[in-house]
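J.: Once you've had a glance at the structure underneath, I'll fire off some questions.
The values are calculated or read from the model by the stated rules, or taken from the named source; none is laboratory data. Everything numeric in this text was worked out from a predicted model, so none of it was measured. No Cβ is skipped: glycine too gets one built from the backbone with ideal geometry, and neighbour counts run over all protein chains shown.
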2 protein chains.
Amino acid sequence: MAYEQALTALADPTRRAVFEKLRHGPMAVGELARGFPVSRPAISQHLGALKTAGLVRDVRQGTKRIYAVRPESLKELRVWLNGFWDDALAAYKTALEGETGDG
Amino acid sequence: MAYEQALTALADPTRRAVFEKLRHGPMAVGELARGFPVSRPAISQHLGALKTAGLVRDVRQGTKRIYAVRPESLKELRVWLNGFWDDALAAYKTALEGETGDG
DNA sequence: CTTATTCGTAAGTAATAACTAACGTTAGGT
DNA sequence: ACCTAACGTTAGTTATTACTTACGAATAAG
C-alpha cells in the first residue's frame, strides 16, 4: 500500500533530485535547495510530499530542519519490485517456451 | 537514465493497475481495459505511455495487439533501487553511530 | 468488395500539480 | 527587546495530464 505513494512521489524530476541528494546522508533544507533553479519554498513543498509518502523523515536542529531518507520505505519498494520481477520473469520464460516449443 | 522515465510512468494509479495486470503474462488491450472505470482509448493511451517509458512492448496478433512487460526495464529499476538502498542504509548506520557513538 | 472487430490517434475539456510571491513562526544572537 | 537566519504555509497562477468523444486504419471473414 505504501509503495504506491512512494512511486507517485518519485515521479517528479525535481523531487527525485532532492531525494537523490539525501542518498548519502541527512541534509538541511537550505543546503538541499542549493543548486536548484526553483525557489526554496518549492523545495520545501517537495520535501513535504516526500514526507507524506513516507520516503523521508525530518528533525529540528536549531533553526534548521534536517531531512533524511527513511530506509523502511525503500524496503517496501524493494519488496514490491522484487515480487514483480519474479512474476514477470517467470511469465517471460513461459512466453518463450510457447514460441519455441515445437519448432 | 531509463529508470527515471519508468518512475514517471508508474506514478498514475490507473496506469500502475494496467501494468500490474501484465504481471503474470501478456494480454490484449480489450482484456486489459476490462474492469476499469475508464474508456478503452484511455487504457490505450496509458499503454502508449508505458511503452514510451520502456516498461512494455507490443506485438500485433491479427486485429488484436498483445502487450507484455519488458523485463529489462524492471532490471534497470532494480539496479537503481538496490544502489540507493545500499547507500541509504550505510548513511543510516553512520547516523546511528553519530548519535550513540560515545553515549 | 463489404462488414465487423480491435485498436490507435486527434481534439477538446476538466482536474491536477508545480511554481512564485508574500507572510507567519521558531530559534539563536546581540 | 530587537534583529537575523532558516523554514513552513497560504493564495493565486500557469503548465501538465488524464479523460471522453469522434474518427481513421488494419485485419479477418463472408
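J.: Tell me the residue from B:LEU7, B:LEU50 that is surrounded by 13 or more Cβ atoms within 10 Å (Cβ to Cβ), in a helix (DSSP H, G or I) and away from DNA strand D (no atom under 11 Å from the Cβ), please. Quick ask: steps written out before the conclusion?
T.: On the way: B:LEU50 fails: away from DNA strand D (no atom under 11 Å from the Cβ).
Within the list B:LEU7, B:LEU50, the selection yields B:LEU7.
J.: Just to be sure, is B:GLU4 more than 9 Å from every other protein chain (Cβ to nearest Cβ) and acidic (Asp, Glu)?
T.: Details: more than 9 Å from every other protein chain (Cβ to nearest Cβ): no; acidic (Asp, Glu): yes.
Criteria not met by B:GLU4.
J.: From B:ALA53, B:ALA88, B:ALA9, grab the single residue that is over 17 Å from A:ALA95 (Cβ atoms), touching a strand residue (DSSP E or B) at 6+ places or on another chain (Cβ under 7 Å), within 14 Å of chain A (Cβ to nearest Cβ) and of a type in the set (Gly, Ala, Ser). So that I can check it myself, show each step before the final result.
T.: Numbers: B:ALA53 fails: touching a strand residue (DSSP E or B) at 6+ places or on another chain (Cβ under 7 Å); B:ALA9 fails: touching a strand residue (DSSP E or B) at 6+ places or on another chain (Cβ under 7 Å).
One residue alone meets the criteria, B:ALA88.
J.: Let me ask something additional. Out of curiosity, is A:GLY35 touching a residue at least 12 places away in the same chain (Cβ under 8 Å), among the small types (Gly, Ala, Ser) and either part of a loop (DSSP other than H, G, I, E, B) or in contact with a helix residue (DSSP H, G or I) (Cβ under 7 Å, 6 or more places away or on another chain) (or both)?
T.: On the way: touching a residue at least 12 places away in the same chain (Cβ under 8 Å): no; among the small types (Gly, Ala, Ser): yes; either part of a loop (DSSP other than H, G, I, E, B) or in contact with a helix residue (DSSP H, G or I) (Cβ under 7 Å, 6 or more places away or on another chain) (or both): yes.
Criteria not met by A:GLY35.
J.: Would a scan of the range A:20-35 turn up a residue that is in contact with a Leu (Cβ under 7 Å, 6 or more places away or on another chain) and either aromatic (Phe, Trp, Tyr) or closer than 30 Å to B:ARG70 by Cα (or both)?
T.: Checking the range A:20-35: at least one residue is in contact with a Leu (Cβ under 7 Å, 6 or more places away or on another chain) and either aromatic (Phe, Trp, Tyr) or closer than 30 Å to B:ARG70 by Cα (or both).
J.: Would you be able to say whether some residue in the range B:55-69 is free of Cβ contacts under 8 Å to residues at least 24 places away in the same chain and assigned to a helix (DSSP H, G or I)?
T.: Checking the range B:55-69: not a single residue is free of Cβ contacts under 8 Å to residues at least 24 places away in the same chain and assigned to a helix (DSSP H, G or I).
J.: Before we move on, is A:VAL79 at pLDDT 95 or above and crowded, with 18+ Cβ neighbours inside 10 Å? First the steps, then the outcome.
T.: Details: at pLDDT 95 or above: yes; crowded, with 18+ Cβ neighbours inside 10 Å: no.
So A:VAL79 fails the test.
J.: For the condition at the interface with chain B (Cβ under 8 Å from one of its Cβ atoms) and within 16 Å of DNA strand C (Cβ to nearest atom), what is the one hit in A:ARG16, A:ARG34, A:ARG60?
T.: Working: A:ARG34 fails: at the interface with chain B (Cβ under 8 Å from one of its Cβ atoms); A:ARG60 fails: at the interface with chain B (Cβ under 8 Å from one of its Cβ atoms).
Going through A:ARG16, A:ARG34, A:ARG60 in turn, just one is at the interface with chain B (Cβ under 8 Å from one of its Cβ atoms) and within 16 Å of DNA strand C (Cβ to nearest atom): A:ARG16.
J.: Here's a follow-up. Looking at the range B:19-31 only, could you name the residues that are part of a helix (DSSP H, G or I) and more than 13 Å from chain A (Cβ to nearest Cβ)? Can you show your working first?
T.: The initial filter retains those residues of the range B:19-31 that are part of a helix (DSSP H, G or I), namely B:19-21, B:29-31.
Result: B:VAL29, B:GLY30, B:GLU31.
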